[in-house]
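Structure, as structure tokens:
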Amino acid sequence: MRLERLIELGKQHSECPRCGSSRIGGGSGMIYVDDVTFRRTCKCGWEVEVIEKGGSDNHAVTCP
């Protein structure tokens, strides 16, 4: 994943839309990034995953 895209996704998903938390680590949530995947989770159960393959974005947002 390109750094510019990672920064853009980080800004879009820095705060949980469900509980407002912006913390990660220590059980508060996490961020996972690899070549094609950006995943952000929150302690409240909310998560978003963006998978980019061939220039197209696939977004999945879970709010239990």
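By average Cβ neighbour count within 10 Å, what is the ranking of 9-20, 40-51, 25-36 from highest down?
Highest-to-lowest ranking by the protection proxy: 40-51, 9-20, 25-36.
Remind me, relative contact order of the range 3-62 in percent, using alpha carbon pairs under 8 angstrom and six or more residues apart?
Contact order relative to length: 21 percent.
Find how much the distance from LYS11 to TYR32 grows on full extension, using 0.36 nm per residue of separation minus their present alpha carbon separation; answer in nm with one decimal.
Gain in length upon complete extension: 6.1 nm.
We did not get these values from a lab; they are worked out from the coordinates using the rules stated. Keep in mind the model is a prediction, meaning the values are calculated, not measured. Glycine gets a Cβ as well: all are built from the backbone with ideal geometry, and neighbour counts include every protein chain shown.
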